[in-house]
Every structure is written in C-alpha cells, then in structure tokens.
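The values are calculated or read from the model by the stated rules, or taken from the named source; none is laboratory data. Treat the numbers as computed from the prediction; the structure is a model and nothing was measured. Reconstructed Cβ throughout: ideal geometry from the backbone, glycine too, with neighbour counts over all protein chains shown.
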Amino acid sequence: MTRPPQLTVRVCHEDLLVMAGLVALIGQEPDFDVHAGPGPADIRHDVADVIVADYACALGLLAAAGAAGTGPRIVVMTRRDKEGEVLQAIHGGVHGYLLQDANPFELMDAIRHVARGGSRYLCKRAAMLFESSPPRTWLTAREEDVLRFLVKGDCNKGIARKLDISANTVKAHVSRICEKLHASSRAQVAVKATQRGLVRA
C-alpha cells in the first residue's frame, strides 16, 4: 500500500518559542512535512502547501505575495479576535483563521482543509464576525483614513487638511461611517470603532 504524498507545512511566527512549539505539534502528524519559516521576504522561494502564521507574519506574507503575483495558502493562528483584525485578514486573502486557544485537532483539520483547496476555515469567533459584517458594510480605504483621524478627535476641517480633500467630502464620509457602524454621533463612532478594532495603528 502506497502512502499518500506529504503536505509541506511552514510555520511563520514572530515568537520563536511559539513557532518551535507549533513545528513540534504539527510535525507529529505523519502526513505533514513541517518546517520553520519563511519570513515575508522569502515568500517567492516558498513551495509550502500551507503556511501557518501569526497575524503580523500573515499580513506580511500576503503583502509580499501581492508584489510577487503569487498567493500562498495561509492559516492564521493568533490571539487577535477583534472584528477589524479578523476582517482585514480575511479580506486580505488568508484561507484560515484560528485563535491560539484552538484545539490541536482543529489546527490539523484547518491545514488539511486549506491544503485541499477548501473554502475558508474559520473558528467560531472569526466566522461569527465575518458573517455579521457583510462586505457591503465594510469601510472603504478613504473611510478608514477619515475614521482614524475622527477617533483622534480631529474636526472635519482638520481631517480635510490632512487628507487633502474638502470638508464637505469629509462630512459625507463621516455620515456613511455613522450609517455603517449604526452610530448616531462622532463620539459613538469613536467608541464603537475602538471596541471593534476597526482603527489601524
């Protein structure tokens, strides 16, 4: 009886101890050939079937892949569970999203699912956030820019100067942001956006 071909799995994590633990855990599976690395700079030379990565590494890999014109199959394993973070990763192109308290069996299932070309593999928390925030309510890049300054307390004219757009345009963006976040005031927008992790650093 011939053995099925092994899946090549790479682990990319900024915490070297966590990376070593994931390599050891995943390496216990007989059908996985697992290695540490690569970093975002090495993505063009990577031939892994699946990359298991922390949040920051995943976004770096996706950015590098976009520049290289290739897209790795990535499963994110992270503590980040705010709506903005989850949606940024999913819309950015990750194929799986698990929280670090996931059961090891769930991680193995996610790797196999993603390697086979299955649809997104999301943990319950990520799936709930993704399903409750359909694409039509997701903020545009310009709305994110306006929101970032709004949360800092800038007025419309101040935001307009910083983004080199008119105050009326800012007002329109603020109105759409309020509508999308179901907020009735700028203060409520700031609170909701912060709680949901919608403001990028």
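A few notes on this one:
- Total residues in segment 181-191, condition assigned to a helix (DSSP H, G or I) and at pLDDT 85 or above: 6
- Filtering L87, L59, L25 for residues that are among the hydrophobic types (A, V, I, L, M, F, W, C), modelled with pLDDT of 90 or more and out of contact with any strand residue (DSSP E or B) (no Cβ under 6 Å at 6 or more places or on another chain) leaves a single hit, L25.
- Tabulated pairs, segment 12-29, first outside the structural domain of D49 (by TED's automatic domain parsing), second surrounded by 13 or more Cβ atoms within 10 Å (Cβ to Cβ), C-beta under 8 angstrom, 6+ apart or interchain: none
- Restricting attention to segment 90-110 and to residues that are at pLDDT 90 or above and part of a helix (DSSP H, G or I), the residue that is surrounded by the fewest Cβ atoms within 10 Å (Cβ to Cβ) turns out to be F105.
- Test result for A160, part of a helix (DSSP H, G or I) and within 16 Å of the chain's Cα centre (by Cα): no
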